[in-house]
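These notes are about the structure you will find just below.
The values are calculated or read from the model by the stated rules, or taken from the named source; none is laboratory data. The structure displayed is predicted, hence computed values, not measured ones. Neighbour counts run over all protein chains shown; Cβ positions are idealised from the backbone, glycine included. With ligands, DNA and RNA removed, areas are computed over all heavy atoms of the protein, side chains included. Shrake-Rupley method; radii C 1.70, N 1.55, O 1.52, S 1.80 Å.
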Amino acid sequence: MLQAVLLGLVAMIGNATFLTGTSLLDRPIVMCTLTGLVMGDIKSGIIIGAMMELAFIGAFSVGGALPPEMISGGILGAALTLASGNSPEVALTIGIPIASLALVLKNACKIFILPYFVHRADQYAKEGNGKGVSRMHMLGGLLYFNLPLGLFVGTAYYLGNSVMSTVLNAIPAFVQNGLTIATGLMPALGFAILASMIVNKKNVVFLFLGFLLAVYLNIPVTGIALLGVVTALIIVGIQPTQMSTALAGGDEDDDF
Amino acid sequence: MMTSETKVLGKKDLMKVFWRSFTMEWTWNYERQANLGYGFAMVPILEKLYKDKPEEKAEALQRHLEFFNTTPHVSTLILGISSAMEEQNSTREDFDTSSINNVKVGLMGPLAGIGDSLLWGTLRIIATGIGTSLALQGNVLGPILFFLIFNIPHIILRYICMMGGYKLGAGFLTKMQQGGLMDKVTYGAAIVGLMSIGAMIATMVTVNIPLSYGSGDNAIVIGDILNGIIPGIIPLLFTGFIYWLVTKKKMRTTAALLLILVIGIVGSMTGILGV
């Protein structure tokens, strides 16, 4: 019971990465180490953490998409493995399905709970109440997911391995596969939103330029960003001083 | 208007924004992403600048609850510029408030393009490489170094961006606007941002179409044919489809997200899409 409470707290610390500058507190290498500490075997916790970290290396948030919920996956994977005396590899087998299940929970919280706080903040802003806006931010983050995540991890550990695996097995394979496929598609939403903020008929060609450089010449994103800087300097340099505002991006002319 | 700029904000005020910026993604939502984090960071400055002007304060608060998203660690660059622009707005009659959000919108995409590859793509990978190699041996220095290697440069960068952004906003922005330089910078930033986005679509959106016709060795995989025409054409078309949905069809991001989940599950059920 005490361990379940402590693991719930570890999960809340992990989620507080978003309170501390997206400081990577939520990464498996940190979470599993703390889990090892709670479970009384810090060394195994660190080793599990390193393995999970490598498995989840591609899981980070970019654009508008969310990665699998690694906090619960890491903590529960490590804790259930250590409690049952299994080898570190087992932690991955348990952790990955938990991470995709918890992502569903996270999305549900984002869709059904969080908008309440965001809209209350709008209301406070309209009244010129800065303190109210601040309160909605702090409270919203705590209540929409930080606390639910702590409860989820604590409860899941308390109910134990057998119940957890029954739950996990109850999800059909095609749904789990489907979630993985959707995870690969989701960045498209983030890029579509980013693009919609700056794209117009005249500058859309640069999006295709970046795309083509990546697919045909295999230049990494950093390289293309730097080429972009050079391209921008060349083009802005040869343009006459009266740059028409239509070129400057914005929302008045964004159909292509 | 030409010369005298009234300084209202001091380093203390900027430090408040700096510390508050650490919570940028605490309430990250699908509707307007990091909007509430941005507004939260701006509150102390807006409270100070519009102390006796409740209507303008309400306007400013609402202004900073608009859509915002960029790499959180360097968001202070834009926060610094916003702080400088709000300071000018509060002391000058003729300031165009719409320019405050225009600058935000113009910068967040390009900054994310550079910030994501710098923080996520470079610094995080270095920290992970060093941290995990030690941690695999059960060494407690692994997780500790991982955390420090990422966060010490991150916090220094965050601080430089805050102070630099404010200076940039206060000093150069007016001059830039007068000479049409602002439009040039926005246009240039759009080029960098769009090229990065194009590259990220090619490398980070993954779609697999294992569906094939024919059988045995003669089977032709649809995905391979499409990739043979132009590599990565499917992620590009898919992103275009989502773009069309969220701009032309005004689909909410939450709805688009659910749609993507459904596409994934239906695709997996029918075997059209693969992992």
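Assorted remarks:
- B:Leu9 vs. criteria farther than 30 Å from A:Phe112 by Cβ and touching a Ser or Thr at 6+ places or on another chain (Cβ under 6 Å): no
- For the range B:107-121, filtering for residues that are open to solvent by 10 Å² or more (accessible area, probe 1.4 Å) and either in contact with a Pro (Cβ under 9 Å, 6 or more places away or on another chain) or within 7 Å of another protein chain (Cβ to nearest Cβ) (or both) leaves 5.
- Checking each residue in the range B:197-219 for being open to solvent by 40 Å² or more (accessible area, probe 1.4 Å), among the hydrophobic types (A, V, I, L, M, F, W, C) and modelled with pLDDT of 80 or more picks out only B:Leu211.
- Residue in the range B:42-65 that is modelled with pLDDT under 95, open to solvent by less than 10 Å² (accessible area, probe 1.4 Å) and either touching a His at 6+ places or on another chain (Cβ under 6 Å) or in a strand (DSSP E or B) (or both) present: no
- B:Thr186 in a helix (DSSP H, G or I), in contact with a helix residue (DSSP H, G or I) (Cβ under 8 Å, 6 or more places away or on another chain), surrounded by 17 or more Cβ atoms within 10 Å (Cβ to Cβ) and modelled with pLDDT under 90: yes
- Candidate set from the range A:25-42 (those that are under 25 Å from B:His154 (Cβ atoms) and facing chain B (nearest Cβ under 8 Å)); member that is surrounded by the fewest Cβ atoms within 10 Å (Cβ to Cβ): A:Leu25
- Taken as a whole, the condition of being surrounded by fewer than 21 Cβ atoms within 10 Å (Cβ to Cβ), of a type outside the set (Gly, Ala, Ser) and under 17 Å from B:Ser83 (Cα atoms) applies to B:Lys11.
- Hits in the range A:90-132 (condition: of a type outside the set (A, V, I, L, M, F, W, C), more than 21 Å from A:Gly150 (Cβ to Cβ), open to solvent by less than 20 Å² (accessible area, probe 1.4 Å) and within 7 Å of chain B (Cβ to nearest Cβ)): A:Gly128, A:Gly130
- Condition check for A:Met31: under 15 Å from B:Gly138 (Cα atoms), out of contact with any Ser or Thr (no Cβ under 7 Å at 6 or more places or on another chain) and modelled with pLDDT under 90: no
- Residue in the range A:174-195 that is open to solvent by 60 Å² or more (accessible area, probe 1.4 Å) and at pLDDT 85 or above present: no
- Checked against (1) outside any loop (DSSP other than H, G, I, E, B); (2) at the interface with another protein chain (Cβ under 7 Å from one of its Cβ atoms), B:Glu25 passes all but condition (1).
- The C-beta contact set for the range B:132-159 (first residue open to solvent by less than 60 Å² (accessible area, probe 1.4 Å), second residue basic (Lys, Arg), distance under 8 angstrom, 6+ apart or interchain) comprises B:Gly138/A:Lys43; B:Phe146/A:Arg27; B:Phe150/B:Arg124.
- Residue count for the range B:261-273 under the criterion of being touching a residue at least 12 places away in the same chain (Cβ under 8 Å) and either facing chain A (nearest Cβ under 7 Å) or part of a helix (DSSP H, G or I) (or both): the result is 1.
- Where a residue in the range A:216-237 is without any contact (Cβ under 8 Å) to a residue 60 or more places away in the chain and within 14 Å of B:Met200 (Cα to Cα) and its partner, wherever it lies, is open to solvent by less than 90 Å² (accessible area, probe 1.4 Å) and of a type in the set (D, E, K, R), with Cβ under 8 Å and at least six apart: A:Val221/B:Asp116
- Matching residues in the range B:29-53 - criterion: being hydrophobic (A, V, I, L, M, F, W, C) and free of Cβ contacts under 8 Å to residues at least 40 places away in the same chain: B:Leu36, B:Phe40, B:Ala41, B:Val43
- Considering residues of the range A:216-254 that are part of a loop (DSSP other than H, G, I, E, B) and among the hydroxyl-bearing types (Ser, Thr, Tyr) only, the residue modelled with the highest pLDDT: A:Thr241
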